[in-house]
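The values are calculated or read from the model by the stated rules, or taken from the named source; none is laboratory data. Not measured: the values here are computed from a predicted model. Neighbour counts are summed over all protein chains in view; Cβ atoms, including those assigned to glycine, are modelled from backbone coordinates with ideal geometry. For accessibility, only protein heavy atoms count, side chains too; no ligands or nucleic acids. Shrake-Rupley method; radii C 1.70, N 1.55, O 1.52, S 1.80 Å.
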Amino acid sequence: MYQVYMVVMEDDPVISYKVNRKHAMRGEEAQKYKRVATTKHDSFLDSFLPMGSYKKLYSYTHLINGFALHAESEKTVRILSRAKGVRLIQEDIKMAKMTTHTPNYIGASGVWPLLGGAENSGDGVVIGMIDTGIDPKNPSFVSSNMSSQAKSPPASFKGMCHAGNRFPPDSCGGKIVGARWFARAAQATGEFNATIHYASPYDSDGHGSHTASIAAGNFHTPVISRGYSFGYASGMAPGARLSIYKAAYPFGGYMSDVIAAVDQAVEDGVDVISLSMAPSSVSSGPASFLNLLEAQLLLATKAGVSVVQAVGNGGPDENTVVSFSPWILSVAASTTDRKYRKSIIIGNGKAFSCGTLSAPTPGEIMYPLAWADDVIVENSTDEGSIKCLDPRIFIKPLVQGKVIICMFDSSDYYDDVSLASIIDTIQKIGAAGVIVTDRSTHDVDIEFEPTFPTTVPSAIVLKGSDMRALMQYYNNNTVRDEDGNVLSFGATARILEGRRAAYTGEAPVVADYSSRGPDVENSLMQPAEVLKPNVMAPGHLIWGAWSPTSSALREIHGENYGLLSGTSMAAPHVAGVAALIKQRHPTWSPAMIMSAIMTSADATDRSGWPLMARGDEGSLSPATPFDMGAGAVNAARALDPGLVFDAGYRDHLQFLCAVPGVDEAAVLRAVGAPCPPRPRAGAGVVRWCSDLNSPSVTVASLVGSRRVDRRVTSVGAHNETYMAYVRAPEGVAVRVSPAEFSIAPGAARMLRIVLNTTAPGNAFSFGEVVLRGDRKHRVRIPLAVYPAAALSR
């Protein structure tokens, strides 16, 4: 059977041809090189393959050097794979809008062509995943011999692979370039059990495999769960490598183990650290920024490593962030526009929108409907949803071939009732399907809608009004005797397909569980002059790799992929974007990468309306920087931000020394360095934490006036003129100078932002400064200011 293959050669393409050259080829010289490369492709194929056994479809010469051919057998691939000069061979893939989608949603897939194609995006960059380990046999991490990842890892990476239980020596070498595990503290407490938790980098939990696949999982990997194909998964940086540092377990983890992992990761030479873990509360001490992990992560950034961390799952309450420091890129979680539509149709023609990812009832026929209470043995005394958890109490002749209505009490559903157990019961009793409803006729919170695949046709009714209509129809069509026993079942229903995704194009919404700012300086919960979260990325209902041995979620036990929610899922999206930026701009500092991601983020939808945040009971309100940071990550713009705000180790030391209540001795203890000497009186004297050169401005107590200086550096390719546009926070006047400036590539420019309280309030208010360039760059600086008092004149 004929198949199409793409072959990439070791020769340079036009854009990277560097032999005896200082500049890229252009014009006729480039065209000549292109013709020569095409001729070499033809000669190469003629010398290795029989005439008529293939047809060359394309020569690739500009971004990659290679070709596509239509070949009659896999023997062709074997011949070419052994040929000198071939770098990789990849079988062509069908393109369809069925992927796990978030690379498209945040713009990552739009920049992959700039990085040499999907499989090369992130190449040369190593992401250190500090999590629960990894399942090396998951398709998202397995590399074929023809993959671009079959070549050696970056020369600067010095990591090792520690083999062990379920983690054989060949686990490393392709996508995974290093793997270690850290559990000495967990062993000391007695919580670590080598039989259950594995004394190896193997992921016994599933969480680490999930986050790793989001950051850098293989391109276009089929996502199959419960025998159904849900599309294809790709990491944000499919070409990046992974180094695994297992330091967390189903029971959690210990900071000492995590610190050991961070230490090793930096020594190994990772470029990015993704950390979907954090302390459960603010540590005691003079400042949240000085706990050992925060201080160690500062030293990691000093070594040039970008650190990305989940902001926490304590929302929608304020002051719930658990990622504190300005050198860490802290990520909030949002929804995406992917929706799984499921509905049921009842015998009177009404249709109800429902949850769950399940197959439909077979055929297009209606099935008899029976309430669980009507088909159980009379002497059963079980109450509530327990009926549907015990298959022994059902009268099998009455349930076989019927769709069963199971009711739960909303007060105990998420604590005591497992939908997986209900599905198991329905399967055992031979019913055709199940409809799950809330006995109290309340709406089911859509944020907690169960979304895992089931093989049994199932649906959960989300709206109380639909549940009432369903039961009214059922009762009207069910004949009972004077004692209430059913004489005949006349109601019918049909469960429709619920595993196909629809993409609505709607803007992201901050998930209700995503932790909120303001950031806090200490355990007294005093607000800090640091914006947290920094940015928002998809975190709600995200497909990712899973460990089949994990018992963390019974619903997906035995599966290779799962659908999870949390800021744990959001952070690796941004870690993957950071890897793309690092590949594109290898000399950029962690602060420059953070700045690029923040200043290019989206704070509005495509129509210009503010992004929204979900609060208690599903309420929606305009999102503030304390909900979403600078906004929703936009990978395409982050690679070309125009201007960046850089800050180094000395800048961060000056920040620490400006934190109220922190003295030089505390800084010296935490990071091993004293406060830098203050410059002479005048411009540049650091007096406030808000003076740190960050891509945001947060003032926790504006009394009268404050001057905030920022230094921008042009990373654009051309001279550009910027104009400053201000949307002032309520109760605050904002002046930016200069209001217009021109800047050359590589040049730096000082900006002064002066804030004045005009109307004191009792809460933070929010605004922005937007620098718009005449070459299409847009640099957005969020403002979060508490106007405490105005100075009397």
Among (1) outside any strand (DSSP E or B); (2) open to solvent by 40 Å² or more (accessible area, probe 1.4 Å), the one test that residue 761 misses
(2)
Given the criterion hydrophobic (A, V, I, L, M, F, W, C), farther than 30 Å from residue 255 by Cα, at pLDDT 80 or above and touching a Pro at 6+ places or on another chain (Cβ under 9 Å), identify the matching residue among 37, 83.
37
Looking only at segment 421-437, decide whether some residue is modelled with pLDDT of 70 or more, acidic (Asp, Glu) and surrounded by 14 or more Cβ atoms within 10 Å (Cβ to Cβ).
yes
Mind counting the residues in segment 718-736 that are under 19 Å from residue 777 (Cα atoms) and either among the polar types (S, T, N, Q) or part of a strand (DSSP E or B) (or both)?
10
Residue 247 vs (1) within 22 Å of the chain's Cα centre (by Cα); (2) within 18 Å of residue 143 (Cβ to Cβ); (3) of a type in the set (A, V, I, L, M): all pass except (2)
If you go through segment 152-208, how many residues are under 22 Å from residue 138 (Cα atoms), surrounded by fewer than 21 Cβ atoms within 10 Å (Cβ to Cβ), in contact with a helix residue (DSSP H, G or I) (Cβ under 9 Å, 6 or more places away or on another chain) and not hydrophobic (A, V, I, L, M, F, W, C)?
2
From the list 242, 290, which residue is more than 28 Å from residue 152 (Cβ to Cβ), surrounded by 20 or more Cβ atoms within 10 Å (Cβ to Cβ) and hydrophobic (A, V, I, L, M, F, W, C)?
290
If the Cβ limit is 7 Å and pairs must be 6+ apart or interchain, which residue in segment 454-475 that is in a strand (DSSP E or B) pairs with which residue that is basic (Lys, Arg) and open to solvent by less than 30 Å² (accessible area, probe 1.4 Å)?
459/342
Among what's in segment 494-507 and is part of a loop (DSSP other than H, G, I, E, B), of a type outside the set (S, T, N, Q) and open to solvent by 20 Å² or more (accessible area, probe 1.4 Å), pick the residue that is nearest to residue 539 (Cα to Cα).
507
Looking across segment 302-314 at residues that are open to solvent by 20 Å² or more (accessible area, probe 1.4 Å) and touching a helix residue (DSSP H, G or I) at 6+ places or on another chain (Cβ under 8 Å), the single one that is nearest to residue 651 (Cα to Cα) is 302
Would you check if residue 501 is under 30 Å from residue 250 (Cβ atoms) and more than 17 Å from the chain's Cα centre (by Cα)?
yes
Scan segment 209-227 for residues that are open to solvent by 30 Å² or more (accessible area, probe 1.4 Å) and either over 19 Å from residue 553 (Cα atoms) or basic (Lys, Arg) (or both) and jot them down.
219, 222, 226
Those residues of segment 604-647 that are under 21 Å from residue 785 (Cβ atoms), part of a loop (DSSP other than H, G, I, E, B), touching a strand residue (DSSP E or B) at 6+ places or on another chain (Cβ under 8 Å) and not hydroxyl-bearing (Ser, Thr, Tyr) come to a total of 5
Just the residues that are part of a strand (DSSP E or B) and either within 29 Å of the chain's Cα centre (by Cα) or exposed (fewer than 12 other Cβ atoms within 10 Å of the Cβ) (or both), please, taken from segment 476-493.
479, 487, 488
Would you say residue 596 is of a type in the set (A, V, I, L, M), out of contact with any Cys (no Cβ under 6 Å at 6 or more places or on another chain) and assigned to a helix (DSSP H, G or I)?
yes
Looking only at strands (runs of 3 or more DSSP E) that fall completely inside segment 290-351, which ones have 2 or more residues that are of a type in the set (Ser, Thr, Tyr)?
329-334
How many residues, within segment 742-764, are in contact (Cβ under 8 Å) with a residue 24 or more places away in the chain and under 24 Å from residue 723 (Cβ atoms)?
15
Would a scan of segment 551-563 turn up a residue that is surrounded by fewer than 21 Cβ atoms within 10 Å (Cβ to Cβ), small (Gly, Ala, Ser) and touching a strand residue (DSSP E or B) at 6+ places or on another chain (Cβ under 7 Å)?
no
